[in-house]
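Here the structure comes first, spelled out in C-alpha cells, and everything after it is commentary.
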Amino acid sequence: MKTSFSNQKKFLKHLRKGNTLAYTYLVDLYYEKLCDYASNLARDDFKSEDIVQNVIVRMWQQREKLNSNISIKNYLYKSVYNEFVDQYRKTIAVTALEKKYIEGLDAILDENDDDETNRLIALVEKEIEQLPTKCKETFLLNKKEGLTYVEIAEFQNVSVNTVEKQMGKAFAIIRKKMKEKIHSVLFLLFGYKQTF
C-alpha cells in the first residue's frame, strides 16, 4: 500500500477523490504521531485523541478542498495545533461562563427564599412550554439535551443560522418575563452545558 502513495501529489489526489485506502494509509501513518504531538500540547491523552480525531474527520469531510500543493504532514500538524488552541479558548470561555453563572446562581439564591426560587423556576418552565413549537424544540435540544447548534441544525435539517434565530427568539420571549434572572434560573433548571 505504501508504494501506491509514495508520491505526495498522487496521494493527495487519491484523498481528494475519497479513496478509502488513501484515508486508511493516512491514519496508519500519522494518527499515533499526531496523538503524541497533541498530548504534548494538551497534557491529556483523552483530549489529545479527541483533537486528532476531530482533525482527521474534518480533513476527510473537506477533502475535496485540499490544495494539491500542500505538505499533508505540515497540514495535519498545523490543524492539530489550531484545534488545540480552539479547544483551549473554549475551555477558558466555559470557565468564565461557569463562574458568571455560579455567581448569578448564588445571587438569586441569596435574595430569594425557596418559595420565590420555586416560583421563578415554575414561571420559566411555563414560558418554555408556551414557546412556538419549533422554537421550543430547538431550545430544549440545546438547553436540556446539550446539543450544539451544529448538531441541532443537522437533526432538524436546517441551517445553523436558523437554529441561532430560534434560540434568540426563545430567549427574547422568556427574557420579557424573567428580566435579568433568566440565566440563573435556566442554570438551576438545566445546569451548565457547553453548546458552542
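The values are calculated or read from the model by the stated rules, or taken from the named source; none is laboratory data. These figures come from a predicted structure and were not determined experimentally. Virtual Cβ from ideal backbone geometry, glycine too; neighbours counted across all protein chains shown.
Here is how the numbers come out for the structure above:
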item: Criterion: at pLDDT below 85 and over 27 Å from Arg175 (Cα atoms) - qualifying residue of Tyr88, Tyr101, Tyr77; result: Tyr88
item: Extreme residue, farthest from Lys90 (Cα to Cα), among residues of segment 3-47 that are among the hydrophobic types (A, V, I, L, M, F, W, C) and in contact with a His (Cβ under 9 Å, 6 or more places away or on another chain); result: Phe5
item: Any chance Glu127 is on the phi < 0 side of the Ramachandran plot, surrounded by 13 or more Cβ atoms within 10 Å (Cβ to Cβ), at pLDDT below 85 and part of a helix (DSSP H, G or I); result: yes
item: Residue selected from segment 29-73 under the condition over 16 Å from Val85 (Cα atoms) and outside any helix (DSSP H, G or I), by the criterion modelled with the highest pLDDT; result: Gln62
